[in-house]
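The values are calculated or read from the model by the stated rules, or taken from the named source; none is laboratory data. The structure presented is a predicted model; accordingly, all values stated were derived computationally and were not measured. Cβ: placed from backbone, ideal geometry, glycine included. Neighbour counts: every protein chain shown. For accessibility, only protein heavy atoms count, side chains too; no ligands or nucleic acids. Shrake-Rupley method; radii C 1.70, N 1.55, O 1.52, S 1.80 Å.
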Amino acid sequence: QVQLVESGGGLVQPGGSLRLSCKASGNVGSINNMGWYRQAPGNQRELVAAIATGGSANYTDSVKGRFTISRDNAKNTVYLQMNSLKPEDTAVYYCHAYILLPYGVVWSDYWGQGTQVSVTS
């Protein structure tokens, strides 16, 4: 069984920073892309940032220049550094990973439980 465990959410004032972490644990064989999604009340879940195994990353336009995604492949962990936070960044943030189980042949989607990020004065 595979679990993605997130940490680092919280309450911050506009202009502040937070760092989210997500570690994949359990019966992990290989991990391909990892990423962060978010969902605000009444909105669909949207991709915030994603990073490939080799480190190439892409971001949604609204966070470019403010957020940085990174990963530590040895620790099966992905990070999201969020700077210059705005009230519109308020959402539940979900970690995602494409994971292949040991001896498996099919890559599957795995999700974290979500962590709340609230940006308010």
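So here's what we get for this one:
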item	result
Residue count for the stretch 64-110, restricted to those that are of a type in the set (S, T, N, Q), open to solvent by less than 50 Å² (accessible area, probe 1.4 Å) and either farther than 12 Å from Arg19 by Cα or outside any strand (DSSP E or B) (or both)	4
Test: residue in the stretch 43-52 that is over 16 Å from Tyr93 (Cα atoms) and within 15 Å of the chain's Cα centre (by Cα)	yes
Flag if Arg19 is assigned to a strand (DSSP E or B), charged (D, E, K, R) and more than 30 Å from Val105 (Cα to Cα)	yes
Condition met for Val78 (among the aliphatic types (A, V, I, L, M) and within 14 Å of Gly9 (Cβ to Cβ))	no
Qualifying residue in the stretch 44-61 (condition: touching a Cys at 6+ places or on another chain (Cβ under 7 Å), part of a loop (DSSP other than H, G, I, E, B) and either surrounded by 20 or more Cβ atoms within 10 Å (Cβ to Cβ) or hydrophobic (A, V, I, L, M, F, W, C) (or both))	no
